[in-house]
Amino acid sequence: MKKLFIAITLFTASFNLLWAQTAEELKAQIAPKKDSIAAIQGRVDALQSQLDALPGWKIGAFGTIGGSISEFNNWFAQGIPNNSSGTIGFSVNAYANQQEEKFFWRNAATVNLNWVKLDDQDDPNDDSGFRESTDVFNISSLYGRKLSDKFAVSTLGEYRTTILSNFNDPGYLDLGVGATWTPIADLVVVIHPLNYNFVFSSEDTIFESSLGAKIVADYTKKIGAVNFKSNLSMFQSYKSGDLSNWTWTNSFAYTLWKMIGVGFDFGLRNNKQETLNYIVNNAPTPDPDATFDTIDNELQTYWTLGLSYSF
């Protein structure tokens, strides 16, 4: 019995030693392979940068789809024990860019739409259909005549509105001229000191068009399986700060299998005209006497998480 115990002990010790040596050997083999993968990826990224810099059209798009459904019956722990609910939404980021020796023309479109429903089965008078919850639509076109590899004189047209409800009410159209700086292939910075912000709305006592400066920064990049886009659009009115606004949108998409992956979008906006219009006309308890000086201009935000599909 003692000999058997000694044999088992020696076998176990030998196995553990062999396993430890094998694990260390495998780890030692992994390290240089990681270095090789990083080196290969670096060469691929360098070739992709050269490809992106070639003249001609570059067209692409990626987006996110998110949704959920649920149903509760006699779930008395919550305020509405019998209900069915659901959310559905999608976002699309598309671009068509032309790059030539003496000029460039960059076109982009962003759409983010979401719907939500909550059907209280104990209330026959509630709204059981889907209602819009996120509504973002933006298109832009930037043309530049190159002065050098990084600077150009440019003109920009940008239009923003909602499309599910109150289309073009309000709607914003920026038209301006100035300069564009492209420090790297994927980053575009637009500075237009001469820009007119046209505002279209049936509420002409709140919304007002004005002359001002336009600043746009856009970064669009694809690294391996990751698509990324960040866009900051700012208008500074020369007439009044109450007429200024800015919007910052961000989109991420990570491809897991073929063209399908996980996507995340979020956006921030500051627009005092929209805030005042909501308080005066659309709030649950409207305040018709509110003015720019009396309101709290709260930050507007949205986000979407779901499946993504890259084109």
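Just for region 116-147: of the residues that are over 27 Å from Tyr196 (Cα atoms) and small (Gly, Ala, Ser), which one is modelled with the lowest pLDDT? Within region 116-147, the match that is modelled with the lowest pLDDT is Ser128. The residues in region 172-191 that are surrounded by fewer than 20 Cβ atoms within 10 Å (Cβ to Cβ) and either aromatic (Phe, Trp, Tyr) or at pLDDT 95 or above (or both) can be counted, and the count is 8. If the condition is being of a type outside the set (Phe, Trp, Tyr) and in a loop (DSSP other than H, G, I, E, B), then region 53-94 contributes Ala53, Leu54, Pro55, Asn73, Asn74, Ala77, Gln78, Gly79, Ile80, Pro81, Asn82. From the list Thr247, Thr255, the lone residue that is modelled with pLDDT under 90 and either closer than 18 Å to Asp135 by Cα or touching a Ser or Thr at 6+ places or on another chain (Cβ under 7 Å) (or both) is Thr255. Within region 95-104, the residues that satisfy the criterion of being surrounded by fewer than 17 Cβ atoms within 10 Å (Cβ to Cβ), assigned to a strand (DSSP E or B) and touching a residue at least 40 places away in the same chain (Cβ under 8 Å) are Gln98, Phe103. Taking region 221-258, which residues are over 17 Å from Ile65 (Cβ atoms) and of a type in the set (A, V, I, L, M)? Hits for region 221-258 are Ile223, Ala225, Val226, Leu232, Met234, Leu243.
The values are calculated or read from the model by the stated rules, or taken from the named source; none is laboratory data. It should be emphasised that the depicted structure is a prediction, and the values quoted were computed from it without experimental measurement. All Cβ positions, even for glycine, are placed from backbone atoms using ideal geometry, and neighbour counts span all protein chains on display.
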